[in-house]
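First up is the structure itself, then whatever we jot down about it.
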Amino acid sequence: MAERLDTPLEARRRWRPRVDPEFFGRTSESIARFMGTPRFLVYLSAFVAVWLAWNTWGPVPLQFDSAALGFTALTLMLSLQASYAAPLILLAQNRQDDRDRVAAEQDRQRAERNLADTEYLAREMAALRLAMNEVATRDFVRSELRGLLEDIVEERELRIRELEQELSDMERTVERAGARSKGKGGKGKGLRPSAAPPDAPGPGGPGEGGAGEGGAGEGGD
C-alpha cells in the first residue's frame with residue numbers, strides 16, 4: 001500500500017541512546033572546575049596519604065599495593081587520572097574559548113552600536129547648535145520689538161501731523177468761505193437803496209402833478 005504524502009511518517013524507534021551534545025561538555029567543565037579547586041587537592045592528598053599509610057603500616061594480608069614494588073597501583077591510578085584530566089581540561093578550555101569568542105563578538109557589536117549612537121548624538125548636537133545660532137535670542141527679540149515700537153510711534157506721530165495739517169487746511173478753507181459769504185452780503189446791502197422801485201413816485205412828482213392839475217383847472221377857467 002502506497003504511503004499517503006499528506007500523512008506524516010511514524011517516528012522510527014532508535015535503539016541507540018539519545019545523548020545531549022552539551023551534556024558531555026557541561027560534565028567535563030564541571031570536572032575540570034572541580035579539579036582546579038583547592039578542595040580537590042585536599043581530597044587527592046588525603047586519598048594518597050591514606051593509600052600509602054594503609055599499604056605501608058597496615059596489616060600485611062590486607063595490603064593491596066606493595067611498597068616493595070613502588071606502589072604500582074597508585075602510580076597507575078594517578079597516571080590514569082592525569083591522562084583523563086588533561087583532555088577534560090582542554091575541552092573545558094575550548095568551551096570557554098567559544099564563550100569568550102561569542103562574548104567578544106557581542107561586545108564588538110555593542111561597541112559598534114554605541115559608536116553609531118555616539119556619532120548620531122554628535123550630529124544631532126551639531127545640528128542643534130547650528131539651529132540655536134539661527135534661533136532668535138532674547139536680546140535680538142527685544143531689539144526687534146523695540147524697533148517695531150519705534151516705527152509704530154513714528155508712523156503714529158506722522159499720521160497725527162497729517163491729520164492736524166488736514167484739520168488746519170479745512171479750518172482755513174471754512175474761514176475763507178465765511179469771509180467770502182460775508183463780503184457778498186455787504187455788497188448786496190449797499191446796492192439796495194440806489195435802486196428805486198418801479199411803482200414809487202419820483203421826487204416832487206405828486207406836487208408837480210397837483211400843480212399840473214391846478215394849471216389845467218386854471219386853463220379851464
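The values are calculated or read from the model by the stated rules, or taken from the named source; none is laboratory data. Computed from a predicted structure; not experimentally measured. When we count neighbours, we look across all protein chains shown, and the Cβ atoms used for this are built from the backbone with ideal geometry, even at glycine. In case anyone asks, the SASA skips ligands and DNA or RNA and just uses the protein heavy atoms, side chains included. Shrake-Rupley method; radii C 1.70, N 1.55, O 1.52, S 1.80 Å.
Assorted remarks:
- Computed lengthening from A53 to E171, 0.36 nm per intervening residue step minus Cα-Cα distance: 28.2 nm
- When the Cα gyration tensor is reduced to axis lengths a ≥ b ≥ c, the ratio a/c is 1.5 or higher for region 102-176, and with a/b above b/c it is classed as prolate.
- Dimensions (Å) - region 21-80, Cα atoms, principal axes, largest first: 47, 22, 16
- Paramagnetic reach from L163 in region 137-155 [backbone N under 18 Å; point 7 Å along Cα→Cβ]: 151-155
- Charged-residue dipole, Cβ positions (Lys, Arg, Asp, Glu), region 100-169 about Cα centre, Debye nearest 20: 700 debye
- ³J(HN,Hα), Karplus 6.51/-1.76/1.60, whole Hz, each residue of region 152-168, x for Gly, Pro: 5, 5, 5, 5, 5, 4, 5, 5, 4, 4, 5, 5, 4, 5, 5, 5, 5
- Eigen-decomposition of the gyration tensor built on the alpha-carbon atoms of region 53-177 gives equivalent ellipsoid semi-axes of 112, 14, 8 angstrom, largest listed first.
- Surface share of carbon and sulfur [accessible, 1.4 angstrom probe, percent] for region 51-153: 65 percent
- Calculated from backbone phi, Karplus (6.51, -1.76, 1.60) coupling profile of region 100-110 in Hz, x at Gly/Pro: 5, 5, 5, 5, 5, 5, 5, 5, 5, 5, 5
- Distance between modelled label sites at A46 and S79, nm, 7 Å Cα→Cβ extension: 2.8 nm
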